[in-house]
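Peer 1: Have a look at the structure that comes next, please.
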Amino acid sequence: MEITNKANNKANLLFHVGLVMIVGLMFANQAHAGTGGTEFDDIWTTITDWTQGTLGRIIAGSMILVGIVGGIARQSIMAFAMGIGGGVGLYNSPTVVEAIMTATLESAEKIAPAAIQFSNGLGL
């Protein structure tokens, strides 16, 4: 009895997954990755200005100051290093996000033969 229930549950699950996939494919629109979203440009500019402007410097300085106080209280330089790391990370985070999101493969056609050689070892 238990074996047939498990088999029925698996068949039922596969049926429902297949049904969801078919319905999803029927109603799928053409994807436009990376297009649009310009309505959020003002928000991104504001966040970048905050983190790299006066507010970001105040917060980064506060992180460093709290790290110094924590380092003195714990008698360890590690809290100071964490404050420095947090401040530097806060200031540079918009630059890192921009670099990741706008990355391109400018030399892809030059390295493609070598990448194919490394991937399968046959050079085909």
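Peer 1: Provide a single number: the residues in the stretch 89-103 that are among the hydrophobic types (A, V, I, L, M, F, W, C), closer than 18 Å to Arg57 by Cβ and free of Cβ contacts under 8 Å to residues at least 24 places away in the same chain. Please lay out each step first, then the result.
Peer 2: Our first condition is that a residue be among the hydrophobic types (A, V, I, L, M, F, W, C); within the stretch 89-103, this holds for 90, 96-97, 99-101, 103.
If we keep only those that are closer than 18 Å to Arg57 by Cβ too, we end up with 90, 96.
Pick out the ones that are also free of Cβ contacts under 8 Å to residues at least 24 places away in the same chain and you get 96.
The total comes to 1.
Peer 1: Go through (1) surrounded by 10 or more Cβ atoms within 10 Å (Cβ to Cβ); (2) modelled with pLDDT of 75 or more; (3) part of a helix (DSSP H, G or I) and name the single condition Asp42 misses.
Peer 2: All conditions pass for Asp42, except number (1).
The values are calculated or read from the model by the stated rules, or taken from the named source; none is laboratory data. Given the structure is predicted, the values throughout are model-derived calculations rather than measurements. So basically every Cβ, Gly included, is an ideal-geometry build from the backbone, and we count neighbours across all protein chains shown.
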